[in-house]
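No value in this document is a laboratory result; all are computed from the given coordinates. Everything numeric in this text was worked out from a predicted model, so none of it was measured. We place every Cβ from the backbone using ideal geometry, glycine too, and count neighbours over all the protein chains shown.
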């Protein structure tokens, strides 16, 4: 990862404030901010500008696939395999933890897929919110299952998740 990191705060219309971090290579992290006093200033950087534009389009339901580059320096081989597989889940669709595990060649690793989801540093861009329990329930989400439900509904997934 490049040493230069730029930070900005993005006020989303539905999931609150997101802290965005980018390097000269790509997006390094997106964090859901619980502090409503976070500044919504935008750092001036071409990748940050593209990220903000794509988030605007995503939240207005005009973007189904992100093209902004990612800078993912961390993660084990298995985690990176899971993150790549998550990016293959089409907008508006879901997969179970077990289905993702099978897709990465380890059908008995559903719990490890959940762990890889928790370590995803760029949620929304790598859509870990699209992974649900085998019984159709939401499962977990590190920023809260209510946010997971909002993101799925934003993408047109209509189900009673009981949240």
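Brief remarks on what is shown
- Cα→Cβ-extended label distance, 7 Å offset, between residue 67 and residue 158, nm: 3.0
- Only helical runs count toward this figure. For the chain, summing -39,500 (n - 2.57) over DSSP H runs of n ≥ 4 and dividing by all residues gives -9000 deg cm²/dmol at 222 nm.
- The DSSP beta bridges internal to the chain are antiparallel in roughly 75% of cases.
- Here r is the Cβ-Cβ distance between residue 60 and residue 34 and R0 is 25 Å; the resulting FRET efficiency, rounded to 0.05, is 0.55.
- When the alpha carbon gyration tensor of the range 77-154 is reduced to an equivalent ellipsoid, the three semi-axes, largest first, read 18, 13, 11 Å.
- Computed over the chain, Kirkwood Rh from alpha-carbon pairs, angstrom: 16.2
- Whole-number percent relative contact order across the chain, with pairs defined as alpha carbons under 8 Å at least 6 apart: 19
- Between helix 46-59 and the chain: long-axis angle, C-alpha atoms, 0 to 90°, nearest 10: 50
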